[in-house]
Amino acid sequence: MAEQLHAMLSLRGLTRRFGGLTAVDAIDLDLARGELISIIGPNGAGKTTLFNLVTGLDRPDAGTVRFEGQDITGLSPERLAAEGIARTFQLGRVFGNLSVMDNVLIGAHTRLRAVKPAVPVIGPLLELGLALLRPSSVKAEEERLREEVRAILARFGERLLPRIDQPAYSLSYANRRRVEIARALALKPRLLLLDEPTAGMNPTETAEMQALVAELKAEGLTILLIEHKLEMVMRLSDRVIVMDEGKKIAEGPGEQVRTDPKVIEAYLGHGLSGAAEQESAA
Amino acid sequence: MSSWLDYTINGLIVGNVYALVAVGLALIFGVSRLINFAQGSIYLVGAYIGWVAVVQLHTPLPLTIIVVAAAAAVVGLIIERFGLRPLQNSVRIAPLLATIGISFVLDQLVMLTFSPNPRALPSQLPDVRFQLGGGTIGPLDLLIAGVGITSALLLFVFLRYSKLGWAVRAASQDRDAAMQMGVDVNRVNQAVFGIAAALGGVSGMLVGMYYNQIDTAMSLQATLKGVVAEVVGGAGNVPGAVIGSLLLGLVESYGVAVFGTSYRNLFAFLLLVVVLVLRPNGLFASARQAPPEPLTGTFIAPSRPVRIPRWALAVAAAGFAILPFFPVSFYVLQTLINAWLLGMLALSLTLVAGTMGQVSLGHAALLAIGAYTSALLSLTLSVPVGLAVIGGGLVSAALGTLLISPSFRLRGHYVSIATLAIGEIVSLVILNWESVTRGPIGISGIPPLSLFGYDLISPTSIYWFSFAVMVVLALLQGRLLGSHLGRSFRAIRDDDIAARAYGLSLNRYKSLAFIFGGFAAGVSGGIAAHLYSYINHETFNTQQSILALTVVILGGLGNVVGAIVGSVALVGLPEVFRIAAEYRILIYGIVLLLLVRFRPQGLLGTI
Amino acid sequence: MTTSAPEPLLALSNVNTFYGQAQVHFDLSITVARGHIVCLLGGNASGKSTTMKIILGLVKPRSGEVTFDGASLIGLSTPQIVRRGIASVPEARRLFADMSVRENILMGAFVRNDRDAVAQDLDRMLTLFPKLGQRLSQRAGSLSGGEQQMVAMARALMSRPRMIVMDEPTMGLSPLYVDRVLELIRAINQEGVSVFMVEQNASLALEIAHEAYVLQTGKIVLSGSARALKDDPRVRDAYLGGSEAA
Ligand SMILES: Nc1ncnc2c1ncn2[C@@H]1O[C@H](COP(=O)(O)OP(=O)(O)OP(=O)(O)O)[C@@H](O)[C@H]1O
Ligand SMILES: Nc1ncnc2c1ncn2[C@@H]1O[C@H](COP(=O)(O)OP(=O)(O)OP(=O)(O)O)[C@@H](O)[C@H]1O
Ligand SMILES: [Mg+2]
Ligand SMILES: [Mg+2]
């Protein structure tokens, strides 16, 4: 119950159908402020679809999404970004022709204040005017954001900083993914949704990413994480939710979920990788 | 009510004719994701080759068809070889522009060879007519319907079930991946262009026989109608193209019945815009879906824009500013004035097409709105000309943005098509709204430019005025690009889904780009109106939109300095070489082709 | 190199690759022996995917030689290279988004002409990846990430290649399917297909590989039998998640 009271995000009966397939089937979920919940499940379980529903890129056929007590079901993605919800995409959607710096600055777009005064109706025209005139408040804001971006990029060590002015298309796959995470951080999100942040990274690099997510969590960020790398899930999550064929089949602390026979049956199997997960500890 | 039946039959017959072009377009779109603007030219070439065969060589019909199909197929192969293949790794709109360039060249060559005068192309079929309702249909109608429907069916089956058809579709979706499956993408494209062109050529000939008349204007008309029909049916959808064509024929026919002939095209384009707004992927596309994450990069050609130091730009600007102090001829100043006016339009277009990625093919409409507003303000309300020009800019910004806003939900080539249609709609409204625009008569006696009560009549003063306005606009645009707006525009261009997920409203930022661009274009149109003293609905036409696009490509998409350099080059070079007017379009076409071939990122590079 | 290595099927020798001014490969030399599984390890941005692109002719090296079955691949187009018997699982899947799953898988057999055998192979793929059986007519672009990865794998196998190059074939797969795909790789290898793969799941990859190479900012820094590399502390630190791994 306590969770429900403080829930930052709560989903009730969330459902999305594609033709005859129910990709997300009556999912309930409560995420408390500062909590990190991982969503795991076999391929095609509906995890990414769930993210799309929460971030407004897709609309549910039934059910509600509440964020900070407010019903946000079906709101546009740009509204939800303004509310402080940031996400990364599973395959990656960087702005290919923008430099790393500009990519991450776009992440800070919703935080622009000086150049984007919240005035109704003529707001956009004011924005155009301020962008052209560029008074000192606007310049200062831009400079401050650039500093912030550098600080965010510094969290990825030497992977992105030396490439800060390169266009994103020239980065390797994993580095593009990192740019995306940096972009999400630049939004200063209240809720962060990460869709397989470590895809394409080897165990050492995964450990690096895991440390970053742990840091973010320690800073108080609320996070929903989709990951197939179990070791990481076990170490980071307060709770784990297991989905299969759109339904929630298990929920609870990592260790409990991991030994749940249903989960082993649907998701883990008994083969090689279970053993390998043990080895890849960081 | 039997007359409605007649209009229906008439509509279907005309739609049948459109279907021939639309099917060829759909096929090419299905392969190369390219709207082939040269399809109308192939149609034209087919019609004239048919004329040569029938009238001069007296070939029988089957042979005529074979000759025309073969000749048109060769043209198609040439287009593939020079318009498409070299451009596979360049900017996405490069092939589209190449087809426009090819269409310029082909149309002009036909015109130079056969003169622009219409010719009769007699039908080779027996002239029997069957009564149907109040109209008649003849064997030619049936042949056209037969060719249209058969080819649509064959192509549909080909694309869906044959191995080559699959290869075609795979190559259009991810070229690199298709090659990794062993698909020889160039072969595939060749085959498809050959087939589509043969079809296009035969349609041109049949339609020429149908109206018993061919002329060089039929190319653009055919392209426009074919494109409308194809997009209504869902680009790349072959059976959809047939249905779209019939629908288009019907809508036009009913529209003409109710409002009169001059409304024919208006209805065609309105149909297109309505369909695009309601069903952005055509009538027969599937329903709501969360857009998938991109499986391939949609990146523009990597290029490093040429950096020109500020001092060099300042020196160049100063040089042009003091030019009138030197003994230069009136003619040179006149040419440069034209360049500055075109430069303002190009600035506008390079912002929306290059920076924002909304490749507008109807940009001349913004000129027209600015010109009419400024002319009418000064003539009927006696507003001082200086203010009227600014008024033209503001109205163009506001009205232009409003008119183009239906296209904000669209992507890629659909935007180009929608803006093309919107541009045509503007010019048709100007033509038909006689109480305000004086219709086909146009507006004459527009007062000359003046500023603070001083008339600007001498070439020198006009030169300075237009140059100064352009420089100010360019400086403002440079500032815009350096601001958060420049970055936001480019982010939306690269991936609008990700942009939205980070709080960028597409409507807001596309509007801002069009407001700024609309102002620049409107001012250019306003100044032009006062220079020309007479304007009508044809003063600012599609050719001008395409010229502006050529300039933008020449300079480099999104590149401010490039837009100006491009304008000077495209206006100036034909003058320098004293090229006669009828060859100019040909030259523009060739420049466009050479450019997209050898420097697709433009002289100064894409930004 | 292992001493018992049979004759090489694929060999890269002294390859230097550039993107514009930036050099990505420095005198890269790699050989894949006939019938072996060879694994390429390396950190992000070390040039692994570029190596794949070199083999497939998607990127041209500035200097160096690439041979397959004794004949040079330099100057051949990608379709020509593929027709010599190399199939690929590209990085980030690269499916044909608007084509159905079925069409995508069958595209893999584009170079083949034996219709009946192709149909049999399709059935085999569907038994390997039962998940795809329910999705045959769905647009590939709307599949989940892992499902797409399965299609990419199935598509590559459909060409009955002599050799298959894979860029992170288990990316995005759930643990169950990671196992299954690695088993599959071993199985097709036993049927005689040589394999060259980039795999971030390094400990598993070394489990099934014969040899491995380690790439660091464009240079091969270590190579040898997979077994030896698996126990090499340098590999463990840099690629297997640290030295406490046992
Ligand atoms: N537009 C669509 N049309 C039809 N089916 C769809 C569509 N989008 C998703 N699906 C199906 O819905 C199911 C859930 O997909 P989703 O992407 O949410 O899976 P996921 O849990 O993220 O899997 P993975 O771990 O593989 O990424 C999949 O089986 C997918 O094929
Ligand atoms: N098109 C390009 N233009 C310029 N540089 C590029 C391009 N593609 C890749 N690079 C650079 O080449 C280097 C190697 O890239 P590559 O994609 O081969 O790395 P990788 O080892 O596959 O990395 P990852 O594990 O992230 O997939 C990187 O530094 C990358 O930034
Ligand atoms: Mg997913
Ligand atoms: Mg890679």
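Data table
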| quantity | calculated |
| --- | --- |
| Whichever residue in the stretch C:39-51 is surrounded by 24 or more Cβ atoms within 10 Å (Cβ to Cβ) and either of a type in the set (A, V, I, L, M) or part of a strand (DSSP E or B) (or both) and, among such residues, is nearest to ligand 2 (Cβ to nearest atom) | C:Gly42 |
| Hey, B:Val415 among the aliphatic types (A, V, I, L, M), within 23 Å of B:Ser360 (Cα to Cα) and not assigned by TED's automatic domain parsing to the domain that holds B:Gly226 or not | yes |
| Residue, most open to solvent (accessible area, probe 1.4 Å), within the stretch A:147-175, restricted to residues that are among the polar types (S, T, N, Q) and within 16 Å of C:Gly47 (Cα to Cα) | A:Ser170 |
| Some residue of the stretch A:111-122 being closer than 15 Å to B:Ala499 by Cβ, open to solvent by less than 40 Å² (accessible area, probe 1.4 Å) and in contact with a helix residue (DSSP H, G or I) (Cβ under 8 Å, 6 or more places away or on another chain) | yes |
| Per-region count, the stretch A:105-135, residues more than 17 Å from A:Ala186 (Cβ to Cβ), of a type outside the set (Gly, Ala, Ser) and not in a helix (DSSP H, G or I) | 7 |
| Test for C:Ile37: is it under 16 Å from the mean Cα position of the chain (by Cα), more than 14 Å from chain A (Cβ to nearest Cβ) and closer than 21 Å to C:Arg186 by Cα | yes |
| Index of the failed condition, C:Ile188 passing every other in (1) of a type in the set (Val, Ile, Thr); (2) within 12 Å of chain A (Cβ to nearest Cβ); (3) without any contact (Cβ under 8 Å) to a residue 40 or more places away in the chain | (2) |
| Residues satisfying the stated conditions in the stretch A:170-181, i.e. within 27 Å of C:Phe18 (Cβ to Cβ) and either of a type in the set (Ser, Thr, Tyr) or away from ligand 1 (no atom under 16 Å from the Cβ) (or both) | A:Ser170, A:Leu171, A:Ser172, A:Tyr173, A:Ala174, A:Asn175, A:Arg176, A:Arg178, A:Val179 |
| Test: residue in the stretch B:38-53 that is over 12 Å from B:Val202 (Cα atoms), touching a residue at least 60 places away in the same chain (Cβ under 8 Å) and surrounded by fewer than 19 Cβ atoms within 10 Å (Cβ to Cβ) | no |
| Which listed residue, of C:Ala71, C:Ala33, C:Ala87, is away from ligand 4 (no atom under 16 Å from the Cβ) and buried (at least 21 other Cβ atoms within 10 Å of the Cβ) | C:Ala87 |
| Boolean, C:Ser137 is open to solvent by 10 Å² or more (accessible area, probe 1.4 Å), within 12 Å of chain A (Cβ to nearest Cβ) and either away from ligand 2 (no atom under 16 Å from the Cβ) or at pLDDT 90 or above (or both) | yes |
| Filter pass, C:Glu207 being among the charged types (D, E, K, R), more than 16 Å from ligand 4 (Cβ to nearest atom) and in the same structural domain as C:Thr51 (by TED's automatic domain parsing) | yes |
| In the stretch C:158-172, residue farthest from ligand 1 (Cβ to nearest atom) [restricted to those that are within 14 Å of chain A (Cβ to nearest Cβ) and farther than 14 Å from C:Ser49 by Cα] | C:Thr170 |
| Candidates B:Asp127, B:Asp176, B:Asp107 - the one that is part of a loop (DSSP other than H, G, I, E, B) and outside the structural domain of B:Ile587 (by TED's automatic domain parsing) | B:Asp127 |
| Only listed residue being surrounded by 21 or more Cβ atoms within 10 Å (Cβ to Cβ) and under 20 Å from the mean Cα position of the chain (by Cα), chosen from B:Thr606, B:Thr550, B:Thr542 | B:Thr550 |
| Scope the stretch B:436-465; condition at pLDDT below 85 and open to solvent by 60 Å² or more (accessible area, probe 1.4 Å); matching residues | B:Phe452, B:Gly453, B:Tyr454, B:Asp455, B:Ile457 |
| The listed residue being in a helix (DSSP H, G or I) and among the β-branched types (Val, Ile, Thr), out of B:Val183, B:Val157 | B:Val157 |
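A quick yes/no check of all residues on (1) within 16 Å of ligand 2 (Cβ to nearest atom); (2) within 25 Å of C:Val214 (Cα to Cα); (3) modelled with pLDDT of 95 or more; (4) assigned to a helix (DSSP H, G or I):
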| site | (1), (2), (3), (4) |
| --- | --- |
| A:Ala174 | yes, yes, no, yes |
| A:Arg177 | yes, yes, no, yes |
| A:Arg183 | no, no, yes, yes |
| A:Pro189 | no, no, yes, no |
| A:Leu193 | no, no, yes, no |
| A:Thr198 | yes, yes, no, no |
| A:Thr204 | yes, yes, no, yes |
| A:Glu208 | yes, yes, no, yes |
| A:Ile223 | no, no, yes, no |
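The values are calculated or read from the model by the stated rules, or taken from the named source; none is laboratory data. Please read these numbers as outputs of a predicted model, since none were measured by experiment. So basically every Cβ, Gly included, is an ideal-geometry build from the backbone, and we count neighbours across all protein chains shown. What goes into the accessible areas is simple: the full protein's heavy atoms, side chains included, and nothing from ligands, DNA or RNA. Shrake-Rupley method; radii C 1.70, N 1.55, O 1.52, S 1.80 Å.
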